[in-house]
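> Got a structure for you, written out below as structure tokens; questions coming shortly.
The values are calculated or read from the model by the stated rules, or taken from the named source; none is laboratory data. This one's a predicted model, so the numbers in the text were calculated from it and none came from an experiment. Cβ atoms come from the backbone with ideal geometry, glycine included; neighbour counts cover every protein chain shown. In case anyone asks, the SASA skips ligands and DNA or RNA and just uses the protein heavy atoms, side chains included. Shrake-Rupley method; radii C 1.70, N 1.55, O 1.52, S 1.80 Å.
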Amino acid sequence: MISTEHARRSPCPSWSALSAALSRSLAMAAAFAVLASAGCERQPREASTTQPAAAGEVVAYVALDRQFSEPILSAFTRETGIVVRAVYDAESTKTVGLVNRIVAERDRPRCDVFWNNEIVNTLRLQSEGLLQPCRPAGAEEFPPEFRDPEGHWFGFAARARVLLVNNELVPPDERPTSVRDLAHPRWRGKVGIAKPLFGTTASHVACLFAALGEEPAAALLESWKANDIAVLGGNKSAAEAVGAGRLAFAMTDTDDAIAEIEAGRPVTMIMPDQGGGTDDTPLGTLLLPNTLGLIRGGPNAAAGLRLIEYLLRPELEAELARSASAQIPLHPRAGMASRAGDPAGLRIMRVDFAAAAAVFPKAARHVEQHFLAP
């Protein structure tokens, strides 16, 4: 188990597999600083649903939180002169809303690049034939498990699915060690989860269906429901409920957990399912990368490829690791440790993401018809 009670005071150790890229990281940070102070710089603007993108523009549908992604897109515009027309998601419909929009526009694509904050729904688009293979420069440097060999999608800057615990409500010797502990009778009515139809929570459920099998995963959801689990509007809301003491603990993402830690809330972040405690068959902690895909038939494929290449730079991952987003770099030259913890030695949940994408609709139906039903 990895605990981050100290995360607010000092950064975590470097990931042993990464080498230093400090000079490039500092250069990226300097560019962001200049951009932030330059009031006349062009910002990404919301994409129109009726007007095609003009030359020198690229349309991006972006699931990563706007406060983290918008400065990066602005820096891309400053460097290249290509204006990004961005469509951002809503907290209540994380990822799924943008995916549905891309599917609805399949006969007349308006998006060039989909920047997803997870992977399962990106693979759903691939299975629908909506992603165009491409070969962005530098992509081959990422670990093979985080990129499609045919070039349909590329993963970077991951987050982990974690348990956030309120220290004042949960004694150290009673802290949860597994997602199964959301069903522990001791915490009946005192645990929470984001609505598992959207974002990383929906992807997590699909991964459980793929990793455990349909019946065991359904039984796990039923055990949560039977324990009067609170269903929140998003992972941020779940983390805030723990920080405020309204819940004893909740499942959330590392970035939302780190935000509560660095705000001084009395909380501890736990990487679940590492073995020990009541966890007899550890699943491992689920790691979900951001993903990028070029939309087939998009209006500005060349500009879209340039944007993908820019987002896959190792110094950009380092910037995301430094930022409040606290992403976990995947590029071996990112040279930046994540404040979310050192993944070295972490038991990672082994998931066939393609299988998770295939089972996603069935998992979502189960959530609607059983988990969320009265």
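> How much length would be gained if the chain were fully extended between Gln67 and Glu79, taking 0.36 nm per residue of separation minus their Cα-Cα distance, in nm to one decimal?
Gain on extension, Gln67 to Glu79, equals 2.4 nm.
> For region 157-263, divide the Cα radius of gyration by the Kirkwood radius and give the resulting Rg/Rh value with two decimals.
The Rg/Rh ratio comes out at 0.94.
> Quick check: from the Cα gyration tensor, does region 204-298 come out rounded (a/c under 1.5), prolate or oblate?
Taking the square roots of the gyration eigenvalues as a ≥ b ≥ c, region 204-298 is oblate.
> If you don't mind, another one. Could you tell me the calculated FRET efficiency between Arg347 and Ser223, based on Cβ-Cβ distance and R0 = 22 angstrom, to the nearest 0.05?
0.50
> Short version: what are the Cα gyration tensor semi-axes of region 306-369, square root of 5 times each eigenvalue, largest first, in whole Å?
Three semi-axes, in Å: 30, 17, 12.
> A further question on this structure: What is the local net charge at Glu214, summed over the other residues whose Cβ is closer than 12 Å to its Cβ (Lys, Arg +1; Asp, Glu -1)?
Computed value for this residue: +1.
> Taking a ≥ b ≥ c as the square roots of the eigenvalues of the Cα gyration tensor of region 49-168, is the shape rounded (a/c under 1.5), prolate (a/b larger than b/c) or oblate? Please report the intermediate quantities before stating the final value.
Values: a/c = 1.38, a/b = 1.27, b/c = 1.08.
Verdict is rounded for region 49-168.
> Hey, what do the phi angles of region 134-147 turn into as Karplus ³J(HN,Hα) couplings, whole Hz, using 6.51/-1.76/1.60 and θ = phi - 60°, x for Gly and Pro?
Each residue of region 134-147 in turn: 8, 10, x, 4, x, 5, 5, 7, 6, x, x, 6, 10, 8 Hz.
> For region 324-374, what % of the accessible area comes from carbon and sulfur atoms, probe 1.4 Å? It would help to have the intermediate numbers written out before the result.
Values: 1210 of 2220 Å².
Result for region 324-374: 55 percent of the exposed heavy-atom area is carbon or sulfur.
> Between Ala230 and Glu145, what FRET efficiency follows from the Cβ-Cβ distance if R0 is 41 Å, with the result rounded to 0.05?
Numbers: r = 34 Å, r/R0 = 0.82.
The pair Ala230/Glu145 has a calculated efficiency of 0.75.
> Region 53-152: which GluC sites (Glu not before Pro) are DSSP loop and have at most 11 other beta-carbon atoms within 10 angstrom?
Filter output for region 53-152: Glu150.
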